[in-house]
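Below: one structure, written as structure tokens.
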Amino acid sequence: MAAPAGSKESGTSLGRSFCKLCLLIFIVFTSLFLVCLIRALTFENREIDYKPCKVTDEDYIRADGKVVDRLVHSLRFKTVSTSKHEYNRDELLKFQFFLKREFPTVHNSSLVKHEVVNGYSLLYELPGTNPELKPYLLAAHLDVVPASDEGWEHPPFDGVITEDGHLYGRGTLDNKDGVLGILEALEFHLKRGFKPKRTLFVALGHDEEVGGDDGAAHMAQMLKDRGIQLEFVIDEGMPILSAGLPMIDKPVAIIGAAEKGYVTLEFKVEVPGGHSSMPPPETSIGILSKALARLEASPHPDLFGYGPEAAMMEHMAPHMSFLGKFVMTNLWLFGPLVSRALASKPATNGQVRTTTAITVFNSGIKDNVLPPVATAYVNHRIHPAQSIQDVIDYDKAVINDERVQIKLSRSVMNREPSPISPTGPEDFGYQIIRSSVKQVFPDAVTVPGILMGNTDTKHYLDLTKSVYRFLPAVLVPEDSKRIHGFNERIAVQNFEQIINFFYHLILNADQEKLQVLHSHTEEL
Ligand SMILES: CCCCCCCC/C=C\CCCCCCCC(=O)N[C@@H](CCCCN)C(=O)O
Ligand SMILES: [Zn+2]
Ligand SMILES: [Zn+2]
């Protein structure tokens, strides 16, 4: 017969049950710990380091007065794009003539074919001596987003260099650093008699910030019409993060093997107008504002592990502290923790979900008139695991108000997320970029990742599967606010590194095939 509740016997059996539970919990946690420990200890670093090009001290380009002056002068051209087909044509032409004057070897060498495309984009071809080798393409863009002096420590188009060695200006990070970096490296190569074995293209678009339809799209079509397929493309993209990533204290070069999708949705509320002395309970502004507030309060789902972000963290594992390796080689268990860490900052939240940014709100006629229409634009950057339709369906469900009309904005080029480019040990383009990073930034860890922004590479996807978005600007996550924001700036010393990255990339890409330096798997 069961002992009555509260008697001595029931207390003993309760104690026994509690001990069994504690033992079970201990066994489960110990087993989990042992599984994680074994995985961390046996994690195989599959990276292979390849033999980089041989360089000597003369092969290093110094950002001397003239080099820096060229970048400073470039920033002063207000090559601003405002909307599709709307960009400053006069400033683009002035910039174009400046580049022709400042890079005479690039523009006059018999080794270089140079074309002006659709009036303002610049396409260069350096035919290789070995036609068997597939060409590659270096891309950048000449245009910038708008900027006014307000909010800037130094006027955005003055090109001021501060005492701590930072050059301030619109375009220093996005993307005149890329344009001048490529041209400085190419001019240096050509002056030293460089003749490529592998054909090299350089494509400088003039309207990337408004979709690239007039620039990169035309250059891509020209290459397609010539029957050209590319070994790889590298364009602006992710940076080298010198800090800000969990459990790693080395600089991390994130090579964008994919880029998120892009969709801007128009939200509209139309109601009868009228006299503001007899208002309804909610005006069009009130209805739309509440709907948008619901959108901001309901972030799109966390999709950590459904895109390249998990591989990015796993590639960091061999370079982390033991705790970091313990966590990053066991994302099956710690993934939610890592994704929460990434989601905690605007600069890294875009790695784990589709982001939502309310960027435009228009409404109102006069202070005593009820507004008949309220309109807002919301810009989403779409995680590779979602589609434009998924985003629209989610927003509709969150807003859940028939009075709010939702439609695709026609003023911009909406895009699904890109395919994910190969980043394996044998993938030529990815490994060439890795090798070049290591030659200029020997302490940096290189990992594949996803670019949250968008680039002209969407126009080159038919020419190769190997598309990478990377530029070795050395940043911390907080610097992301400077891109398209106030006080965009680059350290002059970092610009010198960018030039040398492209110098080494051009040499490394000119190899016929990868030559293994050593494989980490041999170290185990
Ligand atoms: C663990 C990952 C941490 C990530 C931290 C990243 C910090 C961000 C630093 C650099 C990002 C550079 C982005 C430059 C590429 C974006 C270029 C751009 O502005 N593109 C425009 C194109 C608009 C086209 C119109 N449809 C854009 O994306 O808005
Ligand atoms: Zn850009
Ligand atoms: Zn931009």
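The values are calculated or read from the model by the stated rules, or taken from the named source; none is laboratory data. Fair warning: this is a prediction, and the values are worked out from it, not measured in the lab. As a convention, Cβ positions derive from the backbone with ideal geometry for all residues, glycine included, and neighbour counts pool all protein chains shown.
Just for region 165-188: of the residues that are of a type in the set (Gly, Ala, Ser) and in a helix (DSSP H, G or I), which one is farthest from ligand 2 (Cβ to nearest atom)?
Top of the filtered list is Ala185.
Find all pairs meeting these conditions: Cβ atoms under 6 angstrom apart; at least six residues apart or on different chains; first residue within region 453-477 and under 20 Å from Asn494 (Cβ atoms); second residue within 15 Å of ligand 3 (Cβ to nearest atom) and part of a loop (DSSP other than H, G, I, E, B).
Arg469/Thr455; Ala473/Leu173
Restricting to region 96-107, count the residues that are loosely packed, with under 13 Cβ neighbours inside 10 Å and touching a helix residue (DSSP H, G or I) at 6+ places or on another chain (Cβ under 9 Å).
Within region 96-107, residues that are loosely packed, with under 13 Cβ neighbours inside 10 Å and touching a helix residue (DSSP H, G or I) at 6+ places or on another chain (Cβ under 9 Å) number 2.
Yes or no: region 380-393 includes at least one residue that is touching a Pro at 6+ places or on another chain (Cβ under 9 Å), at pLDDT 95 or above and of a type in the set (Ser, Thr, Tyr).
yes
The conditions are (1) part of a helix (DSSP H, G or I); (2) of a type outside the set (Asp, Glu); (3) under 26 Å from Arg410 (Cβ atoms), and Phe326 fails exactly one of them. Which is it?
(3)
Could you say whether any residue in region 124-143 is under 21 Å from Leu200 (Cβ atoms), part of a loop (DSSP other than H, G, I, E, B) and of a type in the set (Asp, Glu)?
Yes: one or more hits.
Filter region 426-454 down to the residues that are under 21 Å from Thr348 (Cβ atoms), away from ligand 3 (no atom under 16 Å from the Cβ) and among the aliphatic types (A, V, I, L, M), then identify the one that is surrounded by the fewest Cβ atoms within 10 Å (Cβ to Cβ).
Filtering region 426-454 for residues that are under 21 Å from Thr348 (Cβ atoms), away from ligand 3 (no atom under 16 Å from the Cβ) and among the aliphatic types (A, V, I, L, M), the one surrounded by the fewest Cβ atoms within 10 Å (Cβ to Cβ) comes out as Ala444.
Scan region 440-480 for residues that are within 15 Å of ligand 2 (Cβ to nearest atom) and in contact with a Lys or Arg (Cβ under 8 Å, 6 or more places away or on another chain) and report the count.
7
So, Arg192, is that one without any contact (Cβ under 8 Å) to a residue 40 or more places away in the chain and under 17 Å from Val106 (Cβ atoms) or not?
Yes, satisfied.
Within region 215-253, work out how many residues are within 16 Å of ligand 2 (Cβ to nearest atom) and within 16 Å of the chain's Cα centre (by Cα).
Here the count works out to 7.
Mind listing whichever residues of region 296-313 are crowded, with 17+ Cβ neighbours inside 10 Å and part of a helix (DSSP H, G or I)?
Glu309, Ala310, Ala311, Met312, Met313
Inspect region 166-177 for any residue being more than 26 Å from Lys191 (Cβ to Cβ), of a type in the set (Val, Ile, Thr) and assigned by TED's automatic domain parsing to the domain that holds Phe232 and give the result as yes or no.
For region 166-177, residues more than 26 Å from Lys191 (Cβ to Cβ), of a type in the set (Val, Ile, Thr) and assigned by TED's automatic domain parsing to the domain that holds Phe232: absent.
From (1) under 25 Å from Thr446 (Cβ atoms); (2) more than 12 Å from ligand 1 (Cβ to nearest atom); (3) not hydroxyl-bearing (Ser, Thr, Tyr), pick out the condition that doesn't hold for Ile228.
Here Ile228 clears every test but (1).
Taking into account only those residues within region 385-406 that are assigned to a helix (DSSP H, G or I) and in contact with a strand residue (DSSP E or B) (Cβ under 9 Å, 6 or more places away or on another chain), which is nearest to Leu265 (Cα to Cα)?
Step by step, filter region 385-406, then rank; the result is Ile392.
Within region 362-381, count every residue that is touching a Leu at 6+ places or on another chain (Cβ under 9 Å) and away from ligand 1 (no atom under 16 Å from the Cβ).
4
How many of the residues making up region 479-496 are touching a helix residue (DSSP H, G or I) at 6+ places or on another chain (Cβ under 7 Å) and more than 13 Å from ligand 3 (Cβ to nearest atom)?
4
Give me the pairs, please: first residue somewhere in region 341-359 and not assigned by TED's automatic domain parsing to the domain that holds Pro308, second residue anywhere and in a loop (DSSP other than H, G, I, E, B) and polar (S, T, N, Q), beta-carbon distance under 9 Å, and either six or more positions apart or on two chains.
Hits for this filter: zero, empty list.
I'd like the full set of residues that are near ligand 1 (Cβ under 7 Å from one of its atoms) and over 16 Å from the mean Cα position of the chain (by Cα), limited to region 448-462.
Selection gives nothing.
Do you know which residues across region 481-508 are away from ligand 2 (no atom under 15 Å from the Cβ) and hydrophobic (A, V, I, L, M, F, W, C)?
Within region 481-508, Phe486, Ala491, Val492, Phe495, Ile499, Phe501, Phe502, Leu505, Ile506, Leu507 qualify.
If Ser276 satisfies all but one of (1) small (Gly, Ala, Ser); (2) in contact with a helix residue (DSSP H, G or I) (Cβ under 8 Å, 6 or more places away or on another chain); (3) within 30 Å of Asp401 (Cα to Cα), what's the number of the condition it fails?
(2)
Which of the residues belonging to region 360-388 are of a type in the set (S, T, N, Q) and either within 20 Å of Phe304 (Cα to Cα) or touching a residue at least 24 places away in the same chain (Cβ under 8 Å) (or both)?
Hits for region 360-388 are Ser363, Asn368, Thr375, Asn379, Gln386, Ser387.
Tell me which of these Val269 doesn't satisfy, since it passes every other one: (1) closer than 25 Å to Met413 by Cα; (2) among the hydrophobic types (A, V, I, L, M, F, W, C); (3) without any contact (Cβ under 8 Å) to a residue 60 or more places away in the chain.
Val269 satisfies every listed condition except (3).
Just to verify a result, which residue in region 151-201, among those that are buried (at least 17 other Cβ atoms within 10 Å of the Cβ) and basic (Lys, Arg), is nearest to Val80 (Cα to Cα)?
Step by step, filter region 151-201, then rank; the result is Arg170.
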